[in-house]
């Protein structure tokens with residue numbers, strides 16, 4: 001399944017690690033000693049993922065979603081999950097087409113009907129009360 005997602009969005013997903021690597025990574029993160037190299041790699045992979053998404057939508061204009069500020073905004077709204085990111089960008093692409101903008105940008109992100117996981121949870125909890 002993960003390999004299929006990587007093939008679909010044309011990004012190599014590195015999800016397999018040994019137990020030793022996982023515990024070493026966890027120890028570094030818990031101790032607050034995450035390296036700059038790992039952070040830079042994560043940022044590069046995130047931008048690569050966003051660039052792949054940008055090319056997968058049939059929009060006429062360029063979508064600057066891999067730019068640093070836009071990438072931070074997208075990852076914050078999607079709460080860092082690929083599924084939510086895909087949902088957000090799909091909704092933004094629909095808004096871009098419907099508005100005639102033909103590119104994903106700040107305006108089309110505001111026009112999209114996307115509600116993140118936290119917002120959906122809040123709406124659900126309000127309905128229960």
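Once the Cβ-Cβ distance of residue 47 and residue 122 is raised to the sixth power relative to R0 = 25 Å, the FRET efficiency obtained is 0.25.
Classified by the C-alpha gyration tensor, segment 39-129 has an oblate form. Its axis ratio a/c, with a ≥ b ≥ c, is 1.5 or above, and a/b does not exceed b/c.
The alpha-carbon positions of segment 88-127 define a convex hull whose volume is 65 Å³ per residue.
No lab work stands behind these numbers, since they all come straight from the coordinates. From a predicted model like this one, the values you see are computed outputs, not experimental measurements. In this analysis, Cβ positions are derived from the backbone assuming ideal geometry, glycine residues included, and neighbour counts consider all displayed protein chains.
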